[in-house]
1. Would you list, by chain and number, the aspartates and glutamates whose Cα falls below 15 Å from the Cα of K121, excluding same-chain residues fewer than 8 positions away?
2. Ordering R2, R231, R254 from largest to smallest accessible area (1.4 angstrom probe), what's the sequence?
3. With both bridge residues required to lie in region 122-265, what share of the DSSP beta bridges run antiparallel, to the nearest 5%?
4. Suppose the chain between L40 and E203 were pulled fully straight at 0.36 nm per residue; how much longer would it get relative to their current alpha carbon spacing?
5. I need the shape label for the chain. Rule: rounded when a/c is under 1.5, else prolate if a/b > b/c, else oblate, with a, b, c from the alpha carbon gyration tensor.
6. Once you have the Cα-Cα distance between L92 and L325, take 0.36 nm times their residue separation minus that, and quote the gain in nm to one decimal.
7. Largest first, how would K275, K44, K243 line up by accessible area (1.4 Å probe)?
8. At 1.4 Å probe size, what's the solvent-accessible area of I12? Round to the nearest 10 Å².
Amino acid sequence: MRKIEFLDLKEINKAYENSFKDVLLKILTNGWFILGENLLEFEKEYAAFSNSKFCIGVANGLDALTISLKVLGIGPGDEVIVPSNTYIASWLAVTHVGATPIPVEPNLKTYNIDPTLIEDKITPSTKAIMAVNLYGQACELDKIKEICTKYSIYLVEDNAQAQGATCNNILTGSYGDISGTSFYPGKNLGAIGDAGAITTNNELYMNQASVYRNYGSRVKYYNECIGYNSRLDELQAAFLRVKLKDLISQNNYRVSLANIYIDLLKNNINIILPKLANDCTSIYHIFMIRTKNRDSLQKYLQERNIQTMIHYPLPPHLQEAYKSLNFKKGDFPIAEEIAETCLSLPIGPHLTYDDIEFVANNINSFFQ
Ligand SMILES: *Cc1c(COP(=O)(O)O)cnc(C)c1O
């Protein structure tokens, strides 16, 4: 029986097997594993991809966000506005620097933070807005940036899911004062392990970030701040350089798959499709639909060997990890509604147009 995997990293990375072997052999031969030429080159290439002046490779996406907040001097007593609908890492970064996450609800069409709800949550302690470009779609970064300028607060982008998306033709990852991204294996640009990066146009932030990722040290054995060990390996950087060359075409391919879903599902009245905000694009890291029959639809598809996922089953404010913030069910009803009705359909370079049609047809037959 035909099987549609949600994600098939074996299949996706098989295309790069020979190139990966080549770079592994080179690195084994030259014997330089940390903070070398591959990282420097990848940083240049990813900065160029993001239309940013600087890129600093770090160990993962959570560290990229945490170090970004550190660089801006955000810490205890400060508040950072975060979306109520996001992967928990966006909130964790705020908590790890000692600041408090202040949730704001998303727009129920785009699933990204609703710019019209932000100003109400700004207080004298607000230092930054963490804009998460969720599921691959750029936030309304132009409107968010205006608010940041008006209140003299920073814009930090969590761009783990949207490398290559745009708002007003400006690339995500270059809109914010500083931006963190992730190259977790399942992301649109995935390493063969953990990896992440910070992008910024500010030279001071770039320098600070490179000190923080390396024990707070600029000169070996001299430490100027309480840093982290959060470096991006030479090997991962070399693998990422190989895959970065295909990111634009793979993003475009995802968009064409998403358009097939949209076309085949648009007349299905039981399904809510994702909508793009004005002047925003998506690279469809995740193709999420919503339906009241989510659980039974997921079961029906599973029985037909179609794998789906839920992003995410429980919003951060209801997680045990955040019980100290004293939120309760009902506090962020839009985020809760999304969690209860969302279903992520398979999408990615491992699937064909025909696969997408097969999934869409099965969804339509479920509702008939
Ligand atoms: C994946 C992800 C992160 C964290 O990245 P890691 O590399 O797993 O630490 C942060 N934010 C969002 C929105 C993500 O999807």
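The values are calculated or read from the model by the stated rules, or taken from the named source; none is laboratory data. Everything quoted here is computed from the prediction, not taken from an experiment. Every residue, glycine among them, receives a Cβ derived from its backbone with ideal geometry; neighbour counts consider all protein chains shown. Protein only, heavy atoms only, side chains kept; ligands, DNA and RNA dropped before computing areas. Shrake-Rupley method; radii C 1.70, N 1.55, O 1.52, S 1.80 Å.
1. K121 reaches D78, E79, E105, D331.
2. Heavy-atom accessible area, descending, gives R2, R231, R254.
3. Details: 9 of 17 bridges.
Approximately 55 percent, going by the DSSP bridge assignments.
4. Gain on extension, L40 to E203, equals 57.1 nm.
5. On the way: a/c = 1.93, a/b = 1.18, b/c = 1.63.
Cα axes put the chain in the oblate bin.
6. Numbers: separation 233, 0.36 × 233 = 83.88 nm, distance 1.27 nm.
Value of the extension gain: 82.6 nm.
7. Result, largest first: K44, K275, K243.
8. 20
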